[in-house]
Every structure is written in structure tokens, then in C-alpha cells.
Amino acid sequence: MAKIKKKAVVALVRCDTYQEDKVFSAVREGLDLLGGASVFTKSNEKIVLKPNVLIGANPDNCVTTHPAVFKAVGRSFMEAGASVYYGDSPAFGRAEFNMRVAGLKRVADESGFSLADFDAGRPVSHPKGLLVKSFVIANGVLDCDGLVSLPKLKTHPLVRFTGAVKNQFGCVPGLLKSQYHVKLPDPYDFATMLVDLNTLVKPRLCVMDGVMAMEGNGPRSGKPKKMNVLLFSTDPIALDATACRIIDLDPAVVPTSKPGEHSGLGTYHSKNIEIVGENMEQFFDHNFDVIRTPPLPCTSSRFKTWVKNQICERPVIDEAKCTNCGTCVMMCPVDPKAVNWHTLETSRPPTHKYDLCIRCYCCQETCPEGAIHLESPLLARLFSRI
Ligand code: SF4
Ligand code: SF4
């Protein structure tokens, strides 16, 4: 008799506030729908929580996982007998500073969670990776028994959407992350690397903070959007696919979905996903501001530079918002820099040289003023209409 493949389970729980007691009840309800926290940990295990801390920012800005969600998940694992650790490797700056600004350090200190080392790591081979066969993984992940991922529902220019799969990129310490943009400029290769990273670090559980999401110019400079939902799953691909359906984004457009299915990490097909808890339709937001076209494989060597410049969204600096801080120049991973003071006039905002730009969008992602947005060239606009 043919073996019946089990469906991926995604639990949805309504939560319309970050009031701690209400978030705790909602998290408890979500965990119970999946069997309770004790399904995911044994007594005396070390569990590391991995919130999204792209950069230290006030929780109201919706750049980071909210401290109330972080606290509720950590408390639930503590009650199940685990020792709880936490960490992330932000886009730049030390983890502890960013955690403090994001309000997570205070909550962790109050709750007895320990900061894990995400500033340094060790090499780990991954022969089963589809594309990347070894990674340097943060010590804080390697030294724990299990990882619990706490993504934030946000937009992202490169992979359209940042959720559970992308959250694990912070398990790679420091500036090693930016090297992946240089080595894998094609968004589909980059997404496959993210999938490989997930099959290596294998989060035991993902809990997505979608109480307040970020739309528009994410993942740092977009607008907060109330979505009132927490999502729970052991399958990061199914969880992301469900969040995508909620914001009316076809999961097939997100470049992590297909390699995620191919690698066995999870499934994005709705027929293979069982939704438990709340009805998904009540959270649908068809006006959520997200790019709904697939990223073009325009940074691949298959395309000549002039084609890339005709069809790929380009980062553009709004001079009125730019404070000339230089973060974008520092974060640009290519050599020579594609965004720089090319005219040597450092009193004015930097400028982009698009022939050098690999469209990794690290400059847009890290600009502290939200001064960089994406513009589609004419041909890309025509393509998207077709
Ligand atoms: S990071 Fe933003 S504010 Fe700073 S120089 Fe670049 S564009 Fe201007
Ligand atoms: S200019 Fe921006 S998008 Fe282009 S390579 Fe540099 S950081 Fe990436």
C-alpha cells in the first residue's frame, strides 16, 4: 500500500495587541495546537531563540520581532524544562547592542534567557546542501540542542518576502553574510543557499510575529501594518507560504519555495498544508504593499550588464532624506563599491554606479533613514504588465 505523506501543519492564532498577557495566551494556544512546547524540547535541553534583529530598532518600527512574542515563546520553553538562550547576527553592529535597542535584552534579562554567541562561529560541512556544501555557523547555534526561529512578517526586495526561511541567515555570523551576496548574486542561487542553511540548522519550530507586519520598503524602512496574526509551524516553507497567501503574494514567486520543496525542507503547495486554529481567510489583506512579480535572474552571468540595467529594480537614493552617513557605502559588498562618493564630493550624498551593482539591496536594507528605494526600469515595468 502506498505510504500516505503527512501534511505540513500551520497553526494560526488571532492576536491584535502586544499586551504581554494576551500575547502569552496566544502563544500558548498556538503551541497547544501543535502539541505543546514539550513536543519541541526535553527537560534540561538548551534551546536558542532566533528573533529577527536585522538591526537594533524600536519595536514600534516593526523591523524586529516584538519582545512580547520573544518573551512568551521563551517562557513557554522554560516551563517545558529548557534552558533558554537567544541571539542573532544583525546586518551590522554587535548583537548585544542591537538586542538592547530592540527591547529584547531587557525582556531576556527579566526572564532569565542567556545571550548566545552569534558574533563568531565554526565551519560545518553540509554535503546534502543543494548548492552550498559548508557554512560557518554561529557558536550560539552550534552550542545549543535546538533552534527556535522567531521571524517577523516583512517585505524584502531580493526575495520579495522575509519570513521563516530568511530568518536563519542570521545564524551566519557577521560580515560573512555579505560574502554570500557577492558569491551568489542571482536571487535564485541566493534563495537556494538560504534553503541549504535551513536544512543544516534545522529549526525545531518557527513562530512568526505577524501581529504588526512591515509592508512597502522593507525589511527596514517600510510601513508597519496591523495583521493580527501569529503563525506556528515546524515547516518553514509551509509557514512562509501561508504568510504569503495572507498578504496575497503567490508563494511560487518567492524564490525559496521551490528549492525548499525540492530539498525536502517543506512544502508550499496549499493541498499539502493543513491550517489549524483560526480560519486563514479572516487575515487576508489584498492591499498589502509587496512586490508581486518574481525577481528576475538578472544578476546572473547569463545576462549582460546592459540587460541587467534594463530589467532589474535599481536602488535609488532620495537626496532629501539622505544624511550622508555612509552606511550604504560601508555595507556594499562588491569591490569596487557600487554605491560610493564616486565624484569624491563627500559633502553630497553617495551615488550608485549600476554597472557595478549586483542588486543585492544591502544598501536599501541597511540605510538608517529609509532614503533608498527601488525603481523599476521601463522594460521591467513592461515585463511585469505582460
Ligand atoms: S545609508 Fe542612507 S542616509 Fe546613509 S549615506 Fe546611504 S543613502 Fe544616505
Ligand atoms: S549598490 Fe546596493 S544593491 Fe548594489 S551591490 Fe551595492 S549594496 Fe548591493
(request) Could you run through the stretch 219-245 and say how many residues are more than 10 Å from L153 (Cα to Cα) and either free of Cβ contacts under 8 Å to residues at least 60 places away in the same chain or assigned to a loop (DSSP other than H, G, I, E, B) (or both)? (result) 7
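Which residue out of G264, G260, G277 is on the phi > 0 side of the Ramachandran plot, modelled with pLDDT of 95 or more and either under 23 Å from the mean Cα position of the chain (by Cα) or within 16 Å of ligand 2 (Cβ to nearest atom) (or both)?
On the way: G260 fails: on the phi > 0 side of the Ramachandran plot; G277 fails: either under 23 Å from the mean Cα position of the chain (by Cα) or within 16 Å of ligand 2 (Cβ to nearest atom) (or both).
On inspection, the qualifying residue turns out to be G264.
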(request) Report, by residue number, each residue of the stretch 47-84 that is modelled with pLDDT of 95 or more, within 18 Å of T155 (Cβ to Cβ) and among the β-branched types (V, I, T). (result) V53, V63, T64, T65
(request) Scan the stretch 132-151 and report the pairs whose first residue is in the same structural domain as K71 (by TED's automatic domain parsing) and within 14 Å of V195 (Cα to Cα) and whose second residue is among the polar types (S, T, N, Q) and surrounded by fewer than 17 Cβ atoms within 10 Å (Cβ to Cβ), with Cβ atoms within less than 6 Å and a gap of 6+ or a chain change. (result) S134/S125
(request) Would you check which residues across the stretch 316-360 are near ligand 1 (Cβ under 9 Å from one of its atoms) and either in contact with a strand residue (DSSP E or B) (Cβ under 7 Å, 6 or more places away or on another chain) or within 23 Å of D189 (Cα to Cα) (or both) and list them? (result) I317, D318, C328, V329, M331, V339, P349, P350
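For the stretch 332-386, how many residues meet the condition of being assigned to a loop (DSSP other than H, G, I, E, B), among the hydroxyl-bearing types (S, T, Y) and more than 12 Å from ligand 2 (Cβ to nearest atom)? Walk me through how you get there before you give the answer.
Going through the stretch 332-386, the residues assigned to a loop (DSSP other than H, G, I, E, B) turn out to be 332-338, 341-350, 353-361, 367-371, 376-377, 386.
Checking the rest, the ones that are also among the hydroxyl-bearing types (S, T, Y) come to 343, 346-347, 354, 361, 376.
Remaining after also requiring more than 12 Å from ligand 2 (Cβ to nearest atom): 343, 346-347, 376.
Residues meeting the conditions: 4.
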(message) Considering only the stretch 284-303, I want to know if a residue exists there that is more than 25 Å from the chain's Cα centre (by Cα), more than 9 Å from ligand 2 (Cβ to nearest atom), closer than 21 Å to G216 by Cβ and at pLDDT below 90.
(response) no
(request) Count, please, the residues in the stretch 304-318 that happen to be modelled with pLDDT of 95 or more and more than 12 Å from ligand 2 (Cβ to nearest atom). (result) 1
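The values are calculated or read from the model by the stated rules, or taken from the named source; none is laboratory data. All values reported here derive from a predicted model rather than from experimental measurement. Note that each Cβ is placed from the backbone with ideal geometry, even for glycine, and that neighbours are counted across all protein chains shown.
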